[in-house]
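None of the figures in this text is laboratory data; all of them are computed from the coordinates on show. Because the structure is a prediction, the values reported are computed rather than measured. Quick reminder, even Gly has a Cβ in these numbers, built from the backbone with ideal geometry, and neighbours come from all protein chains shown.
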Amino acid sequence: MKKSLIALAVLAASGAAMAQSSVTLFGIVDATYAYGSGSVANKSQLTNSGYNSSRLGFRGVEDLGGGMSASFWLEAGVNNDNGSGANTSTNNQGASGATGGGGLTFNRRSTVSLNGGFGEVRLGRDYTPQFWNLTVFDPFGTNGVGTTQTLNSSLGGPTTVRASNSIGYFLPGNLGGFYGQAQYYMGENLSNAANKKDGNGLALRAGYANGPINVALAFSDTKFLSGNIKAVNLGGQYDLGVAKIMAHYNQDDVKGGAEGKGFLIGGLVPVGAGEIRLAYSTYKIDQVGADPRSNKLALGYVHNLSKRTALYATYAHVSNKNGAAQSLNGSVTAAGDNSNGYDFGIRHSF
């Protein structure tokens, strides 16, 4: 059960106190034994986030009256296998903006919002619209060894999953099942610099969810010094009652470079206190001289011991073609060879 801390916020700089309507501490601790095998080397490790991403977060909301509210969300990735924090990108420009790997950073989300009948305006580091279709319509939720190949092999660059320095807008939730968002993010470079647009991007997502159907389309255009990237994806889910079937398609186009295309088809099947997860995903890179492709078949089972605690196991097999060398769980495989991966773990949420 999430723990609410009522009327608690301190402005340390000024010494003034301000009451919040509610503040919640929440998190997930997910420990995974992961084994990967490849044609060159195998690897065995205790890692994390094989089912859900390990995290520690704080969120709160204040009622402003008149149907309006203000809220914040601070969420940090946690490597519970070794006690370190997760990396973050401060300027959407890859390794040059990465920090962490020791200290705790709110790399997963750090936003403040204004909410009302108009929708929500959200400022800070957040998921990008183009990522939502990849994770929502993936039976493995883009976690663990079963994750869609589109994410593992994506050409989408540093903003494939999240963007820093973003300004986002979300439609209100009373539109008869229609939903949508827009996001602009910045690399924050000097106006006279050669890389003045590096890390800047615009992304949009629109969808419809009603009854058993959920479908959404997303588009993004991000400026990078190494080549601008346009991404478009489409995802959907249909709930049959006895099972949920889902699929997504993604395309990444690097200006003056390669083009990547991938898709997933899979499902979730409830079984007693648990759930079977299965997916087939592939990603192909079109480039001069070779078209490497990796295909993944994944099968998993989650057993819920309670609402907050679950045990899980996942098996995945990747076959590589045309020079691709995708490997699983830290193993190393030669170009064109296969790789296998196994996850066994426990997830506890609070």
### Task
Check cross-link reach from Lys244 to the aspartates and glutamates: straight Cα distance under 19 Å, and skip same-chain residues fewer than eight apart.
Asp138, Glu275
### Query
Can you list the residues, at least 5 places off or on another chain, whose amide H is less than 5 Å from the amide H of Leu328, using H built in the peptide plane?
Ser37, Asn340
### Reduced Cα scattering model of the range 231-337, Debye log10 I(q)/I(0), q = 0.12, 0.18, 0.22 Å⁻¹
-0.55, -0.98, -1.17
### Query
If the viscosity is 1.306 mPa s and the temperature 10 °C, what translational diffusion coefficient in µm²/s does Stokes-Einstein give for the range 111-219 when Rh comes from Kirkwood over Cα pairs?
104 µm²/s
### Task
May I have the extent of the alpha carbons of the range 232-279 along their three principal axes, as whole Å values ordered from largest to smallest?
51, 15, 11
### Message
With n ≥ 4 as the cut-off for DSSP H runs, can you work out [θ] at 222 nm for the chain, using -39500 (n - 2.57) per run divided by the number of residues, rounded to the nearest 500?
### Response
-1000 deg cm²/dmol
### Message
Restricting the calculation to Cα positions, tell me the Rg (one decimal) and the Dmax (whole number) of the range 206-250 in Å.
### Response
14.6, 48
### Summary
Largest first and rounded to whole Å, the semi-axes √(5λ) derived from the alpha carbon gyration tensor of the range 178-294 read 34, 20, 11
### Query
Across the range 248-256, in residue order, what do the Karplus-derived ³J(HN,Hα) couplings come to in whole Hz, using 6.51 cos²θ - 1.76 cosθ + 1.60 with θ = phi - 60° and x for Gly and Pro?
8, 10, 9, 9, 10, 10, 8, 4, x
### Summary
Label model pair Asn87, Gln45: point-to-point distance (7 angstrom along the Cα→beta-carbon line) in nm is 1.2 nm
### Cα centroid separation, the range 247-318 to the range 157-233 (Å)
22 Å
### Descending semi-axes in Å of the chain, equivalent ellipsoid built from Cα gyration tensor
32, 26, 22
### Query
Which FRET efficiency value, to the nearest 0.05, is calculated for Ser22 and Lys196 with the Förster distance at 30 angstrom and r the Cβ-Cβ distance?
0.10
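Give the calculated FRET efficiency between Asp63 and Ala313 to the nearest 0.05, with a Förster radius of 45 Å applied to their Cβ-Cβ distance.
0.55
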### Message
Please list, in order along the range 188-198, the HN-Hα scalar couplings obtained from phi with the Karplus expression 6.51 cos²θ - 1.76 cosθ + 1.60 (θ = phi - 60°), rounded to whole Hz, x for Gly and Pro.
### Response
6, 9, 5, 5, 9, 7, 5, 9, 4, 9, 4
### Summary
Listed by chain and number, the lysines with an alpha carbon less than 23 angstrom from that of Lys261, same-chain partners under 8 positions apart left out, are Lys223, Lys230, Lys284, Lys296, Lys321
### GNM flexibility winner over the chain from Pro172, Pro139, Pro212 (Cα, springs under 10 Å)
Pro212
